[in-house]
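Trainee: Please find one structure pasted underneath; my questions will follow.
The values are calculated or read from the model by the stated rules, or taken from the named source; none is laboratory data. Since this is a predicted model, take the numbers as computed values, not measurements. Here Cβ is always computed from backbone atoms with ideal geometry, including for glycine, and neighbour counts include all displayed protein chains.
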Amino acid sequence: MPQPARQFERSAWPERFAQSAQQSARRFADCRRARNRVLALRRTAVIAAAIGIVLAGLVGLGRFMGVGPFAGHIPEARYSAESWNLTVVNRWHRIPDAYPEPDLTRLRNGEQVDSRIYPDLQRMFDAMRADGLNPEVSAGYRTRATQQRILDEKIEAYWSEGVPRAAARTKALETVAVPGTSEHELGLAVDVNAAGMNDAAANQKVYAWLAEHAAQYGFVLRYPDGGTAVTGVAYEPWHYRYVGVQAASAMCANDLTLEEYAGAM
Ligand SMILES: [Zn+2]
């Protein structure tokens with residue numbers, strides 16, 4: 001007599017085995033998918049954190065160093081029409097959007113300055129010439145576009161010397177201000193050298209004269225030796241900034257930079 005039950009049992013073994021194998025394969029696949037999801041989440045979190053750190057770094061550089069693509073977000077300098085002469089523009093404070101387009105006076109050599117500083121500048125140059133010097137304003141007012149061109153040319157120069165792009169920009173920014181943060185864009189700053197600029201001894205005489213007398217005409221040595229931590233710029237014996245006779249005398253007498261004087265006002 002045939003025994004269907006036993007036959008059934010025999011034939012059912014492989015099937016049950018197969019079912020259980022499928023179940024554990026499914027469980028294994030589920031487990032692997034879950035683990036992959038966790039890994040993917042972790043990867044995303046790490047990438048997001050890295051992007052966050054890089055962005056924060058760039059914003060930080062832009063804000064505090066005045067470099068990088070976020071330099072446009074450098075905070076505005078304080079400005080009021082009454083104390084226009086004390087506007088502090090530096091690597092931490094850009095020219096405010098409300099700063100009016102300056103009314104300019106053109107000098108004989110083509111350089112321009114804010115018309116409000118022209119009478120005192122002329123008096124100062126008359127006095128220098130009377131003392132036997134032959135000075136010239138080698139740089140006066142600059143538009144933002146000019147400042148950008150000067151920066152671009154400096155970067156190109158380093159680049160052509162083989163300095164990598166990012167490093168070339170950093171190096172250029174050691175001596176050229178970020179567009180929007182140069183005092184030359186205010187029209188209140190002048191670079192004064194001996195005419196021709198090629199005679200180092202003649203330049204030194206001009207710088208010595210200015211250091212002694214410029215304050216009487218309302219101009220101050222804007223980036224004094226040893227003042228870099230406050231001004232953000234290395235010593236520039238040729239760069240003079242108009243602040244008016246009263247402020248210049250007070251700054252000179254108390255050995256204050258514009259940052260310190262205007263901050264204490
Ligand atoms: Zn200058």
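Trainee: Given the condition closer than 25 Å to T228 by Cα, assigned to a strand (DSSP E or B) and modelled with pLDDT of 95 or more, answer yes or no: does some residue in region 138-154 qualify?
Mentor: Looking through region 138-154, at least one residue is closer than 25 Å to T228 by Cα, assigned to a strand (DSSP E or B) and modelled with pLDDT of 95 or more.
Trainee: Filter region 230-261 down to the residues that are surrounded by fewer than 18 Cβ atoms within 10 Å (Cβ to Cβ) and on the phi > 0 side of the Ramachandran plot and list them by number.
Mentor: Passing the criteria: G232, D255.
Trainee: Surrounded by fewer than 21 Cβ atoms within 10 Å (Cβ to Cβ) and in contact with a Lys or Arg (Cβ under 6 Å, 6 or more places away or on another chain): is that true of G227 in this structure?
Mentor: no
Trainee: Give the residues of region 216-229 that are in contact with a strand residue (DSSP E or B) (Cβ under 9 Å, 6 or more places away or on another chain) and hydrophobic (A, V, I, L, M, F, W, C), sorted by residue number.
Mentor: Of everything in region 216-229, those that are in contact with a strand residue (DSSP E or B) (Cβ under 9 Å, 6 or more places away or on another chain) and hydrophobic (A, V, I, L, M, F, W, C) turn out to be F219, V220, L221.
Trainee: For region 156-186, enumerate the residues that are more than 20 Å from P75 (Cα to Cα) and crowded, with 21+ Cβ neighbours inside 10 Å.
Mentor: Scanning region 156-186 gives a single hit, A172.
Trainee: Run down Y217, Y223 and say which single residue is at pLDDT 95 or above, in contact with a His (Cβ under 7 Å, 6 or more places away or on another chain) and of a type in the set (S, T, Y).
Mentor: Y223
Trainee: Working only within region 103-121, note down all residues that are exposed (fewer than 14 other Cβ atoms within 10 Å of the Cβ) and assigned to a helix (DSSP H, G or I).
Mentor: P119
Trainee: Right, here's the next one. Checking V89 against (1) among the aliphatic types (A, V, I, L, M); (2) at pLDDT 95 or above; (3) surrounded by fewer than 20 Cβ atoms within 10 Å (Cβ to Cβ); (4) out of contact with any strand residue (DSSP E or B) (no Cβ under 7 Å at 6 or more places or on another chain), only one condition comes out false. Which one?
Mentor: Status for V89: all satisfied but (3).
Trainee: Follow-up. Being out of contact with any Cys (no Cβ under 9 Å at 6 or more places or on another chain), of a type outside the set (G, A, S) and more than 16 Å from the ligand (Cβ to nearest atom) is the requirement here; does T146 meet it?
Mentor: Spelling it out, it is not the case that T146 is out of contact with any Cys (no Cβ under 9 Å at 6 or more places or on another chain), of a type outside the set (G, A, S) and more than 16 Å from the ligand (Cβ to nearest atom).
Trainee: Among (1) on the phi > 0 side of the Ramachandran plot; (2) not assigned by TED's automatic domain parsing to the domain that holds A211, which single condition is L151 missing?
Mentor: Against the list (1) on the phi > 0 side of the Ramachandran plot; (2) not assigned by TED's automatic domain parsing to the domain that holds A211, L151 comes up short only on (1).
Trainee: Only one residue in A253, A229, A247 is more than 24 Å from the chain's Cα centre (by Cα) and without any contact (Cβ under 8 Å) to a residue 40 or more places away in the chain, so which one is that?
Mentor: A253
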